[in-house]
Amino acid sequence: MNQNPTQAEMDAFNAKWDSKKNELFTVPEKSETQIQYEKSLGKTERKKYTRDEAKKIFFDRICSVSLIDQKTVAKFIKEDLDYQRAANCLVDLIFGYQGGEIEGKGGIYLASEPGVGKTTLMASAVNVSNVINLVTHNPNFNLWQNMRVDISQKLKGKNEDLTYIQESNLYLDEFTEKINQVSHYGDYKYSLNEVIQNRYDLWKSKGYYTVIGSNLFEPVLFEMLDQRSISRFKEQYLVINMLGANKRKS
């Protein structure tokens, strides 16, 4: 496990992040094609789903993504209350329902040991998000499962952009301590802080939400974050600890 950063290291990180943030969040001018496309979307009549309809869509996608029969998936949802809660909150976030646990939050943090089902839920959520994209008038939805690899490739000059800085609603899987082993921007190793702060700024400035799947429960995660990142994390994310049974054995 990484040692806790010193105050001097945290101050240096925050200073570097603030200078980099201005560059990251500069909004480019829209092309004429983009402008016309957005105007056409504005004229599209969008279906409004009831919660029951939304839950049915999500349930069907879980079955499709997991390749598990409907009866077994229904059993998971009925018997595993954490799994059920996560599915319900994802539905509320994706379909933009107000109220409930997601009220005032800009994302969901799913923490669990391997095999409990968080990756299947996230992949199903991405699937639903893309299906109703024109309905909800949201931009792209990305599922990012190779965060550490992407950062390493960026440092080698092989990628122009990192997925987590894209202006989109984002699903981040495999959010682990290994990300902190990559020295991003050359001379510091606090990439977890950078991801948290970047996604917070995109939520506050543009309204983009983030869903994170991780094997790091809050106490362990907070050992790897500075105080500013912890404060932003608590404001942005609804944390759901998924403590149910390993579904790979079912």
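The values are calculated or read from the model by the stated rules, or taken from the named source; none is laboratory data. Quick caveat, the model's predicted, so the values are computed rather than measured. Cβ: placed from backbone, ideal geometry, glycine included. Neighbour counts: every protein chain shown. With ligands, DNA and RNA removed, areas are computed over all heavy atoms of the protein, side chains included. Shrake-Rupley method; radii C 1.70, N 1.55, O 1.52, S 1.80 Å.
Quick notes on this structure:
- Some residue of segment 74-82 being surrounded by 12 or more Cβ atoms within 10 Å (Cβ to Cβ), assigned to a loop (DSSP other than H, G, I, E, B), of a type in the set (D, E, K, R) and at pLDDT 65 or above: yes
- Residue check, L170 crowded, with 20+ Cβ neighbours inside 10 Å, part of a loop (DSSP other than H, G, I, E, B), modelled with pLDDT under 90 and in contact with a helix residue (DSSP H, G or I) (Cβ under 9 Å, 6 or more places away or on another chain): no
- Just one of the numbered conditions (1) open to solvent by 50 Å² or more (accessible area, probe 1.4 Å); (2) under 16 Å from A123 (Cα atoms); (3) not in a helix (DSSP H, G or I) is not true of I108: (1).
- Among the residues of segment 218-244, the one identified as part of a loop (DSSP other than H, G, I, E, B) and open to solvent by 40 Å² or more (accessible area, probe 1.4 Å) is L243.
- When restricted to residues that are more than 15 Å from the chain's Cα centre (by Cα) and farther than 23 Å from A12 by Cα, segment 207-240 contains 3.
- Of the criteria (1) at pLDDT 85 or above; (2) not in a helix (DSSP H, G or I), which one A54 fails: (2)
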